[in-house]
Amino acid sequence: MRLRPFALAEPESVPEAVEILARLDGEARIIAGGTALVPTMRLGLVTPDRLVSLHRIPGLSGIHVDKGVLEVGAMTSLAALGRHEALRSGWPLLAQAAGRVATPAIRSTATLGGNLCYAEAASDPAPALLCLDGHVRVADSVGERVVPIGEFFTGFYETAVAPGEILTGVRVPAGPSGARSGYLKFCPRSAEDKPLIGVAALLVLDAAKRVDEIRVALAGAAPTPMRARRAEAMVTGQELTDRAIRGAADAAAGEADPLSDLMGSAGYRREMIRVWVRRLLTALRDGQASP
């Protein structure tokens, strides 16, 4: 389907972009990489009168580490995240998840900010950021506020970004010492598809091999990306035996609220949550990079 006509604005600052968004002459949408927005426009699902491009705004892209905290600009491509040495060494979970999104061509165009604002329940980076306790920076005409990633996804394809606000960056603290982490996605149709189920986990074992800290997050398991907190609570302080891992996987499946769609039923998704949580936790316990 051909795109219907629209105006294109290319502001050179965040306040200018916010001012353009606030105009009352039709619907406006922000465009970053466009890998999600343009296909939905072609399908006629959204028909904006004006697109506001962020490409000319300085400071919205780049990867920096300041006092042990990772700062990622909203316009940073997922490909850059996946190959950046600082992420691969200090935040490997985020690098791994970003490197699993779709195809190399899409990753080179798609941005972290665009991925998060699209609020796809089956996002790859989102569960990694949930495990890493990331924060999202959002700006408007007055200033900037910071939203914990756990409060950012508010509903089905909905976020905490209010009208007139722009996501400007993501802040990720350093992970706990000695943490093991990994991300797995199950794509029954194609390895380059969005996951039917995605599982991210971060695990810290004490000297006695008991669980000192654990974070488990799921994609495709509810209307939004989610932390599996019942599963985490079930094994915290316990030895991570096969039985304990099966219990955590059952708990994760039980607290999930999956939807049925063309990729699979809600019941099938629950079973896959059990399978992939069990596989990932077993691999991390045994010191494997991936199953």
key: About the Cα centre, charge dipole magnitude for the range 77-136 (Lys/Arg +1, Asp/Glu -1 at Cβ), debye   = 180 debye
remark   = Quick P(r) readout (the range 127-175; Cα-Cα; 5 Å bins; whole %) gives 5, 22, 29, 25, 13, 5, 1
key: Test item: Cα-centred dipole of the chain, Lys/Arg +1 and Asp/Glu -1 on Cβ, debye   = 900 debye
request  = Would you work out which of Leu284, Ala266, Ala256 lies farthest towards the positive end of the dipole of the range 243-285, given +1 charges on the beta-carbon of Lys and Arg and -1 on that of Asp and Glu, about the Cα centre?
outcome  = Leu284
inquiry  = If I take every Cα pair under 8 Å that is 6 or more residues apart in the range 186-236, average their sequence separation and divide by the length, what percent do I get for the relative contact order?
reply    = 27 percent
Cα centroid of the range 227-247 to Cα centroid of the range 269-290, whole Å = 12 Å
request  = For the chain, with a Gaussian network of springs between Cα atoms less than 10 Å apart, report the residue from Ser190, Ser108, Ser123 with the top mean-square fluctuation.
outcome  = Ser190
Kirkwood hydrodynamic radius of the range 143-268, from inverse mean 1/r over distinct Cα pairs, in Å = 16.5 Å
task = Measure nothing but the geometry: give the 0 to 90° angle between the long axis through the Cα atoms of 266-285 and the longest principal axis through the Cα atoms of the chain, rounded to 10°.
result = 60 degrees
request  = Compute the signed sum of charges (Lys and Arg +1, Asp and Glu -1) over the other residues within less than 13 Å, Cβ to Cβ, of Arg145.
outcome  = -2
note = The ³J(HN,Hα) series, computed from each phi in the range 76-88 with the Karplus coefficients 6.51, -1.76 and 1.60 at θ = phi - 60°, rounded to the nearest Hz and given as x for glycine or proline, is 5, 6, 5, 5, 5, 5, x, 10, 6, 5, 4, 5, 4
Normalised convex hull volume, the range 10-93, alpha-carbon set, Å³ per residue = 113 Å³
task = Heads up, I need the accessible area for Thr35: 1.4 angstrom probe, whole protein in place, Å², nearest 10.
result = 60 Å²
task = Go through Ala179, Thr168, Tyr157 and say which Cα lies farthest out towards the positive end of the charge dipole of the range 137-181; charges sit on Cβ, +1 for Lys and Arg, -1 for Asp and Glu.
result = Ala179
message = Mean-square fluctuation check for the chain, GNM, Cα pairs under 10 Å: which of Leu81, Leu51, Leu281 is largest?
response = Leu51
query = Is the shape of the range 54-169 rounded, prolate or oblate, going by the alpha carbon gyration tensor and its root eigenvalues a ≥ b ≥ c, with a/c under 1.5 for rounded and a/b larger than b/c for prolate?
reply = rounded
message = Quick check for me: using +1 on Lys/Arg Cβ and -1 on Asp/Glu Cβ, what's the dipole size of the range 151-212 about its Cα centre, in debye to the nearest 20?
response = 320 debye
key: Highest-fluctuation residue, Ala219, Ala207, Ala95 considered, GNM on the chain with Cα pairs under 10 Å   = Ala207
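The values are calculated or read from the model by the stated rules, or taken from the named source; none is laboratory data. Here the structure is a predicted model, which means the values were calculated and not measured. As a convention, Cβ positions derive from the backbone with ideal geometry for all residues, glycine included, and neighbour counts pool all protein chains shown. Please note that ligands, DNA and RNA were not included when accessible areas were found on the heavy atoms of the full protein model with its side chains. Shrake-Rupley method; radii C 1.70, N 1.55, O 1.52, S 1.80 Å.
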